[in-house]
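Have a look at the structure below before the remarks.
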Amino acid sequence: MSSFRNNLYLIALLQPLILITSCGQEAELSNKNTPRYTMMEGSSCFNQRDISDYMVLDRGNLIVYGRPRSRSYHIQISPPASSIRGSDSISFRSWSGRICGFAGDELIIPNSLFQESYSIITVKKLNETAHYNLLVRFGKAEPVEQVEPENDASPEIQRELSEGENQEKEVNSE
């Protein structure tokens, strides 16, 4: 009976501490000025079993394609992987089966000797325009149109003033 009473007292003493700690964390997460919140704000997720293809942009960036192929995601990994360009397949490891760029999400590159794993830092869902712009940025697609300025000189603005406006300017300047 005394063991039960001691546990009850311990729970009663720790309950305010738990309540205060949880309220502090909730306030921190709801504040949009904290860096953690702004980084998670634009994050996307995908089911690892839905990925059908991928494209390597560079050692730290990939585009993975879901089903249907129009569903694509930009993934950043860390550290950059030098062996990713030569790999025939990739896989993912996650606690939940969804890849969101949270702690524990990993990109696995199978090798003949061992599997290399890389942390997934960010996952962003791409629309058609963002997908195309990302391909152009990494040199995988050509820009649709190169826009070059006609003239590098500053534009000249000319305006003729009537006599009434000239007189008003003289009066205002005095």
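The values are calculated or read from the model by the stated rules, or taken from the named source; none is laboratory data. The shown structure was predicted, so the numbers you read here are calculated from the model rather than taken from an experiment. Cβ coordinates were reconstructed from backbone atoms using ideal geometry, including for glycine residues, and neighbour counts include every protein chain displayed.
Are there any pairs, at least 6 apart or on different chains, whose C-beta atoms fall under 9 Å, with the first in region 81-100 and within 22 Å of Ser44 (Cα to Cα) and without any contact (Cβ under 8 Å) to a residue 40 or more places away in the chain and the second β-branched (Val, Ile, Thr) and assigned to a loop (DSSP other than H, G, I, E, B), and if so, which?
Between residues of region 81-100 that are within 22 Å of Ser44 (Cα to Cα) and without any contact (Cβ under 8 Å) to a residue 40 or more places away in the chain and residues that are β-branched (Val, Ile, Thr) and assigned to a loop (DSSP other than H, G, I, E, B), the close pairs are Ile90/Ile51; Ile90/Ile84.
Inside region 59-70, can you point out the residues that are within 16 Å of Leu126 (Cβ to Cβ) and surrounded by fewer than 17 Cβ atoms within 10 Å (Cβ to Cβ)?
Correct list: Arg67, Pro68, Arg69, Ser70.
Would you say Pro68 is part of a loop (DSSP other than H, G, I, E, B) and modelled with pLDDT of 90 or more?
no
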